[in-house]
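This report concerns only the one structure given below.
The values are calculated or read from the model by the stated rules, or taken from the named source; none is laboratory data. All figures in this text were calculated on a predicted structure; none of them were measured in a lab. Here Cβ is always computed from backbone atoms with ideal geometry, including for glycine, and neighbour counts include all displayed protein chains.
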Amino acid sequence: MSTGTAVKVSQVTAKKIPFTAFQALWIPGTTRICSLGSNDAGFGVIQVHVVSSASASSPSSESASRRSSTLKHPRLILHSETEKKVQFKSGTFRASARSSSSPHLLTGDFEGRVGLWDLSRTEVPLNTFKAHEDVVNCMDGVGSQTGRPEFVTGCRDGTIKLWDMRQNHKEAGVVTPISNISRKSGQAGNDVWCVSLGGSTEADDLMVVAGYDNGDVRVMDIRMGRAVFETNVQNGVCAVEFDKRQNKAGCLIATTLEGALYSFELINGEFATADKMTEEMVTVQSGDDSTLWQARHIPQRPDILAVTDGGGNIH
């Protein structure tokens with residue numbers, strides 16, 4: 001990671017929303033943003049905002065003409081809002097093909113249910129089923145161009161499950177994940193705070209990386225259903241991600257509650273034992289707002305990543 005020339009990041013637009021948003025996502029292929037979470041009444045909320053340029057009024061004077069010639073700042077305009085009886089905790093569009101003109105939103109709620117939504121018709125979900133016995137804290141999909149239908153969910157009870165969107169669990173009546181990865185018998189089921197898929201060129205060899213509230217980072221082979229790498233970074237893990245999703249990964253990053261970013265370099269593209277891994281820790285932020293909530297690599301430049309902290313800053 002280079003700390004050379006600083007890049008200035010400017011705010012384009014902002015808008016207050018009347019609920020707690022646990023997730024905010026760009027809707028792929030559009031200029032719309034989807035936010036989901038819960039309001040003060042305890043209901044789940046999904047809002048869609050359109051990023052739109054401010055309308056220019058007809059100039060009636062020279063000063064108005066000068067104002068109209070300047071660049072207009074975009075605005076966030078509420079496009080649709082849906083309220084449901086159960087609060088939403090997590091969501092992703094990565095279970096739909098990136099080439100889709102109308103990607104579906106996948107959500108996880110506080111009752112352990114997963115729902116698939118067409119955002120143009122949100123009266124009822126396209127599909128919904130009970131995936132976990134507790135809160136679905138996090139989820140992720142492959143996000144491929146062709147739309148591999150698998151997605152992974154992480155729960156407060158410590159379980160991680162892999163699902164296939166082609167299975168209609170609602171009609172089948174029996175909810176059966178492709179893989180169910182949980183702690184070994186006798187181990188505490190720590191909260192799974194974050195999950196991410198990727199790290200392989202082979203369709204059947206995708207890996208899941210998960211971060212836990214106790215500082216554990218685990219990389220799991222979803223085909224074998226077992227961990228291939230485990231370590232502990234001392235503080236709760238807020239975000240994890242491979243640098244590459246559709247190719248063999250070069251590194252894995254993890255961010256924590258205390259402002260640290262960990263980078264684990266893979267050896268020849270493979271996970272080795274912990275004592276052979278190259279590990280680097282960077283203190284990105286410190287103080288009351290030190291929590292690093294999100295970390296994302298640029299797909300076109302996986303050697304560059306952005307991190308957000310509890311003070312509203314982007315690094």
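Here are some notes:
- Failed condition for Phe271, given (1) at pLDDT below 75; (2) surrounded by fewer than 17 Cβ atoms within 10 Å (Cβ to Cβ): (2)
- Qualifying residues in segment 73-122 (those that are free of Cβ contacts under 8 Å to residues at least 24 places away in the same chain and charged (D, E, K, R)) - the one nearest to Ile33 (Cα to Cα): Asp118
- Leading residue by the ranking (modelled with the highest pLDDT) among those in segment 193-209 that are closer than 13 Å to Leu162 by Cβ and in contact with a Gly (Cβ under 6 Å, 6 or more places away or on another chain): Val195
- Of the residues making up segment 109-124, those that are part of a strand (DSSP E or B) and surrounded by 16 or more Cβ atoms within 10 Å (Cβ to Cβ) are Asp109, Arg113, Val114, Gly115, Leu116, Trp117.
- Per-region count, segment 225-250, residues part of a strand (DSSP E or B) and farther than 21 Å from Ile314 by Cα: 7
- Pick from segment 274-314, criterion over 19 Å from Cys238 (Cβ atoms) and surrounded by 14 or more Cβ atoms within 10 Å (Cβ to Cβ), ranking: modelled with the lowest pLDDT: Met277
- Verdict on Val86 being crowded, with 19+ Cβ neighbours inside 10 Å, of a type in the set (A, V, I, L, M, F, W, C), at pLDDT 95 or above and within 29 Å of Val175 (Cβ to Cβ): no
- Cβ-Cβ distances below 9 Å connect the following pairs, each with a first residue in segment 13-31 that is surrounded by 12 or more Cβ atoms within 10 Å (Cβ to Cβ), a second residue that is part of a loop (DSSP other than H, G, I, E, B) and aromatic (Phe, Trp, Tyr), and a separation of six or more residues or different chains: Phe19/Phe43; Leu25/Phe93; Trp26/Phe93; Ile27/Phe93; Pro28/Phe93.
- Condition met for Leu106 (out of contact with any Gly (no Cβ under 6 Å at 6 or more places or on another chain), buried (at least 21 other Cβ atoms within 10 Å of the Cβ) and modelled with pLDDT of 90 or more): yes
- Filtered residue count, segment 125-140, keeping only those that are assigned to a loop (DSSP other than H, G, I, E, B) and either out of contact with any Phe, Trp or Tyr (no Cβ under 9 Å at 6 or more places or on another chain) or in contact (Cβ under 8 Å) with a residue 24 or more places away in the chain (or both): 4
- Of residues in segment 158-188 being under 27 Å from Cys238 (Cβ atoms) and within 19 Å of the chain's Cα centre (by Cα), the one modelled with the lowest pLDDT: Met165
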